[in-house]
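The values are calculated or read from the model by the stated rules, or taken from the named source; none is laboratory data. What you see is a predicted model, and the numbers here were worked out from it, not measured in a lab. Virtual Cβ from ideal backbone geometry, glycine too; neighbours counted across all protein chains shown. Just the protein is used for accessible areas: all its heavy atoms, side chains included, with ligands, DNA and RNA removed. Shrake-Rupley method; radii C 1.70, N 1.55, O 1.52, S 1.80 Å.
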Amino acid sequence: MAKSKRSAARALAWLLERGCEVAAVVASEPDEWTTDEQRVDLVAEAHGLPLMGEGELYASAERGTLGGVDLVVSFLFWNRIREPLISLGRIGAVNLHPAPLPDFRGVGGYNVALLEGREEWGVSCHFVDERIDTGDLVEVERFPIDPAAETALSLDVRSQERLLGLFQRVIERVLRGEELPREPQGKGRYVSRSELERLRVVRPGDDVERKVRAFWYPPWPGAVLDVDGRRLTLVDDSLLGELARAYRAAGTVP
């Protein structure tokens with residue numbers, strides 16, 4: 001069950017290269033910005049895997065028509081996973097989360113970490129339970145970051161590389177017949193969608209440059225300023241340079 005990201009598409013392709021049998025795939029619908037190499041559905045189609053909608057997958061699980069499943073995998077899946085999928089697999093269900101747990105549950109981890117000047121980030125694999133991002137930890141990989149240089153986009157790029165490696169390590173343990181570790185998370189922090197949207201707005205007294213970098217993830221809205229009822233995304237000089245280089249690389253600047 002995956003979002004259309006390059007890391008998720010590569011994860012599915014790698015599973016198949018390792019000889020794993022995939023009972024079904026649920027992938028997000030591509031939008032106008034999604035490239036072919038990010039499309040999990042294209043990997044599934046190329047290998048003749050059953051592509052299902054989320055509702056169809058739950059119905060199949062309830063009917064027991066998926067066969068013997070060892071592991072349910074959520075790779076950046078966008079919805080909360082519920083029964084009967086949580087307990088469908090012989091081993092269980094795991095989620096690959098692009099933030100260190102239990103520090104950053106929910107959404108907006110990149111943004112909040114940069115707003116707060118964190119000098120360390122991480123990615124996590126955890127078992128899925130009835131709540132969001134609270135299940136027992138399998139592994140958390142942490143790495144240093146420079147909060148004065150990173151943007152939400154650059155931090156996501158780095159995190160996706162680490163997340164794929166973490167996924168591969170976890171699956172290799174399963175293939176070797178090892179029991180996956182289970183470490184209770186304890187208390188943690190949850191960031192909601194509404195909290196994230198409040199943080200996005202630039203207000204008097206904010207460190208504007210930091211907020212701009214913390215929410216820079218084109219083509220999606222970044223740090224915004226409300227002007228006459230309109231929300232305008234802010235860009236600083238360094239990001240203008242980044243855009244210029246991207247335009248030149250694409251051959252769209254004379």
Open item on the list: If you take percent of Cα pairs over 30 Å apart from the coordinates, which of (1) 21; (2) 33; (3) 27 do you get?
Closed with: (2)
Task: Difference of contour (0.36 nm per residue) and Cα-Cα distance, Leu16 to Glu139 - done: 42.0 nm
- [ ] Quote the FRET efficiency, to the nearest 0.05, computed for Leu240 versus Ser87 with a Förster distance R0 of 51 Å and r equal to the Cβ-Cβ distance.
- [x] 0.50
Open item on the list: Straight-line reach only, C-alpha to C-alpha below 13 angstrom: list the aspartates and glutamates that Lys5 could link to, leaving out same-chain residues fewer than 8 apart.
Closed with: Glu29, Asp31, Asp36, Glu37, Asp41, Asp156, Glu161
Task: Solvent accessible area, Å² - Arg118, 1.4 Å probe, full protein context - done: 80
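Restricting to DSSP H runs of at least four residues, report the calculated mean residue ellipticity at 222 nm for the chain, -39500 (n - 2.57) per run over all residues, nearest 500 deg cm²/dmol. It would help to have the intermediate numbers written out before the result.
Working: 8 runs with 88 residues, N = 254.
About -10500 deg cm²/dmol.
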TODO: Please list, in chain and number order, the residues 5+ apart from Val72 or on another chain whose amide H is under 5 Å from its amide H, with Hs placed from the backbone.
DONE: Gly89, Gly92, Ala93, Val94
- [ ] Just the number, please: percent antiparallel of the DSSP beta bridges in the chain, rounded to the nearest 5.
- [x] 60
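Provide the gained length on full extension for the span Ala59 to Arg80, in nm with one decimal, where the gain is 0.36 nm per separating residue minus the Cα-Cα distance. Intermediate values should be presented prior to the final figure.
Values: separation 21, 0.36 × 21 = 7.56 nm, distance 1.60 nm.
Contour length minus Cα-Cα distance gives 6.0 nm.
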Open item on the list: What is the sum of charges, Lys and Arg at +1 and Asp and Glu at -1, for the other residues whose Cβ falls under 10 Å from the Cβ of Trp216?
Closed with: -1
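Using 1/(1 + (r/R0)^6) with R0 = 35 angstrom and r between the beta carbons of Glu37 and Asp206, what's the FRET efficiency to the nearest 0.05? Show your work: numbers first, answer last.
Numbers: r = 36 Å, r/R0 = 1.04.
Once rounded, the FRET efficiency stands at 0.45.
Exposed loop chymotrypsin sites (Phe, Trp or Tyr not before Pro) only (DSSP loop, at most 16 other Cβ atoms within 10 Å): please give the longest stretch of the chain free of them, not including the sites.
Details: sites that count: Trp33, Trp78.
Answer - 79-254.
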Task: Qualifying GluC sites (Glu not before Pro) for segment 1-46 [loop in DSSP, other Cβ within 10 Å: at most 13] - done: Glu21, Glu32
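Using square roots of five times the C-alpha gyration tensor eigenvalues, list the equivalent-ellipsoid semi-axes of segment 105-254 in whole Å, biggest first.
On the way: eigenvalues 224, 84, 32 Å².
Semi-axes (√(5λ), whole Å): 33, 20, 13.
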